[in-house]
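A.B. asks: Okay, handing you the structure first.
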Ligand SMILES: [Zn+2]
């Protein structure tokens, strides 16, 4: 049983949803970009099934996009809250857009991890 802090840390580090020790992704780094979302079939530590048929379902890209969008909105809201008083919204908007574009590989990986944790039903 995990507490919420451990769960969030495991999501950020891309660890197994069951044991929290095995890596979900084949490559620890997001590079090469073409394989950044490739997951292992089973957890190397506990054997929990990570890859499922639902992972390649047509809705996965849409689901990951929605999660990336939600993370970006949260990021925009944080920047807007910081810069609201000095009336520099355009700079905040351009800065946060650039940051979100630069962080896109990590955001996509984080989104897929959240998808695996929240939406996929494991046996
Ligand atoms: Zn595991």
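A.B. asks: Across segment 79-95, what is the total count of residues that are at pLDDT 75 or above and surrounded by 14 or more Cβ atoms within 10 Å (Cβ to Cβ)?
C.D. replies: Final tally of qualifying residues: 1.
A.B. asks: Just to be sure before I move on: is residue 21 surrounded by 14 or more Cβ atoms within 10 Å (Cβ to Cβ), in a loop (DSSP other than H, G, I, E, B) and either within 16 Å of the ligand (Cβ to nearest atom) or at pLDDT 85 or above (or both) in the structure I sent? Walk me through it before giving the result.
C.D. replies: Values: surrounded by 14 or more Cβ atoms within 10 Å (Cβ to Cβ): no; in a loop (DSSP other than H, G, I, E, B): yes; either within 16 Å of the ligand (Cβ to nearest atom) or at pLDDT 85 or above (or both): yes.
Here the answer is no, as residue 21 does not meet what is asked.
A.B. asks: Step by step: first the residues of segment 44-69, then only those that are in a loop (DSSP other than H, G, I, E, B) and under 18 Å from the mean Cα position of the chain (by Cα), then the one that is modelled with the highest pLDDT. Which residue is that? Full working, then the answer.
C.D. replies: The initial filter retains those residues of segment 44-69 that are in a loop (DSSP other than H, G, I, E, B), namely 44-48, 50-52, 57-59.
This time we only want the ones that are under 18 Å from the mean Cα position of the chain (by Cα), so: 50-52, 57, 59.
Numbers: 50: 84, 51: 81, 52: 69, 57: 64, 59: 72.
By that ranking, first place goes to 50.
The values are calculated or read from the model by the stated rules, or taken from the named source; none is laboratory data. Worth saying up front: this structure is predicted, and the values here are computed from it rather than measured. FYI the Cβ positions are ideal-geometry reconstructions off the backbone, even for glycines, and counts take in every protein chain you see.
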